[in-house]
1. Give the number of residues within the stretch 54-69 that are open to solvent by 70 Å² or more (accessible area, probe 1.4 Å) and under 15 Å from the mean Cα position of the chain (by Cα).
2. Return the only residue of Arg101, Arg87 being open to solvent by less than 100 Å² (accessible area, probe 1.4 Å) and of a type in the set (Lys, Arg).
3. Could you list all residues from the stretch 3-41 that are of a type in the set (A, V, I, L, M, F, W, C), within 22 Å of Lys81 (Cα to Cα) and open to solvent by 80 Å² or more (accessible area, probe 1.4 Å)?
Amino acid sequence: MKEEYIEKYNYTIAIPYIKYELINCFYSHFENLILLDKLNYNVVEKLIGEEIQDKFYDKDIFKDIELSEKAIAMREKDIAKMIQIVRESVKRNRLKHILKRTVSKILN
């Protein structure tokens, strides 16, 4: 949808930012499945594999942007690397998530 508006209003400067947003949303979604929905890594790895096979990811969405580790893994459809990135992110953010949930329960 955003791509349509970029083309309609000729606002091509936004394209790289939307690509970064797509990459970050992709990983955040799977991290949240683990943190919030309590899915295990094997299930999430299977879901990543199914998602990355969608024809949407065959488009050259990684062209003309500085490739990060996350983007390279998506471009190469490296599921093992993607789940590793998700694991590392969950490990980094698990305590923060627990603290937020605890404070929210106390305040409500």
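1. Residues in the stretch 54-69 being open to solvent by 70 Å² or more (accessible area, probe 1.4 Å) and under 15 Å from the mean Cα position of the chain (by Cα): 3 in total.
2. Working: Arg87 fails: open to solvent by less than 100 Å² (accessible area, probe 1.4 Å).
Of the residues listed, the single one that is open to solvent by less than 100 Å² (accessible area, probe 1.4 Å) and of a type in the set (Lys, Arg) is Arg101.
3. Matches in the stretch 3-41: Leu36 only.
The values are calculated or read from the model by the stated rules, or taken from the named source; none is laboratory data. On a predicted model such as this, the values are computed, not experimentally measured, just so you know. Side chains included, ligands, DNA and RNA excluded: accessible areas come from the protein's heavy atoms. Shrake-Rupley method; radii C 1.70, N 1.55, O 1.52, S 1.80 Å.
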